[in-house]
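Shown next, in structure tokens, is the structure this report addresses.
The values are calculated or read from the model by the stated rules, or taken from the named source; none is laboratory data. What you are looking at is a predicted structure, and each value in this text was computed from that prediction instead of being measured. Quick reminder, even Gly has a Cβ in these numbers, built from the backbone with ideal geometry, and neighbours come from all protein chains shown. Accessible surface areas use protein heavy atoms only, side chains included; no ligands, DNA or RNA. Shrake-Rupley method; radii C 1.70, N 1.55, O 1.52, S 1.80 Å.
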Amino acid sequence: MTILQEKYELLVEQEDQLLTSLRTTAAYESAIFQITHEQAVEIDLPTAEKIIDKFHEYTEELRLDLLYVRLEKSHVAGMLKLTAF
């Protein structure tokens, strides 16, 4: 396996991990809203908003990382295509 092929495989693994992380954040987001709904009387909304803000920041960080990985993966795939000839 060439260095480019190894790099591509690593990027595929990174992409898979980021997608798993994003699915996990979506599940936790649903749980946050469910808890807020079920325990509305006990929930301090300003505190919940701060938690959601941090949660959103982390989710956006994951999405940006995913974009970078996909960009690099596309680049490496193009390089592999060129070296295949």
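Can we say Ile3 is open to solvent by 60 Å² or more (accessible area, probe 1.4 Å), of a type in the set (Val, Ile, Thr) and in contact (Cβ under 8 Å) with a residue 12 or more places away in the chain? It is false that Ile3 is open to solvent by 60 Å² or more (accessible area, probe 1.4 Å), of a type in the set (Val, Ile, Thr) and in contact (Cβ under 8 Å) with a residue 12 or more places away in the chain. Could we say that Ile43 is over 30 Å from Leu80 (Cα atoms), of a type in the set (Val, Ile, Thr), open to solvent by less than 100 Å² (accessible area, probe 1.4 Å) and part of a helix (DSSP H, G or I) here? No; evaluated as a whole, the condition is false for this residue. For the stretch 20-40, filtering for residues that are of a type in the set (Gly, Ala, Ser) and not in a helix (DSSP H, G or I) leaves 1. Of all residues in the stretch 6-27, those that are free of Cβ contacts under 8 Å to residues at least 12 places away in the same chain have Cβ atoms under 9 Å from Cβ atoms of residues that are open to solvent by less than 60 Å² (accessible area, probe 1.4 Å) and part of a helix (DSSP H, G or I), 6 or more apart or on another chain, in Ala26/Thr59.
For the stretch 54-85: of the residues being assigned to a helix (DSSP H, G or I) and small (Gly, Ala, Ser), which is most open to solvent (accessible area, probe 1.4 Å)?
Top of the filtered list is Ser74.
Would you check which residues across the stretch 51-85 are under 15 Å from Glu29 (Cβ atoms) and charged (D, E, K, R) and list them?
Asp53, Lys54, Glu57, Glu60, Glu61, Arg63
A Cβ distance below 8 Å, combined with a sequence gap of six or more or placement on separate chains, defines the contacts here; from the stretch 37-66, residues that are closer than 30 Å to Gln17 by Cα reach residues that are among the hydroxyl-bearing types (Ser, Thr, Tyr) in the pairs Ala48/Thr36; Phe55/Thr25; Phe55/Tyr28; Tyr58/Thr25; Thr59/Thr25; Leu62/Ser21; Leu62/Thr25. Out of contact with any Lys or Arg (no Cβ under 7 Å at 6 or more places or on another chain) and open to solvent by 70 Å² or more (accessible area, probe 1.4 Å), is that true of Lys50? Taking the combined requirement at face value, the residue satisfies it.
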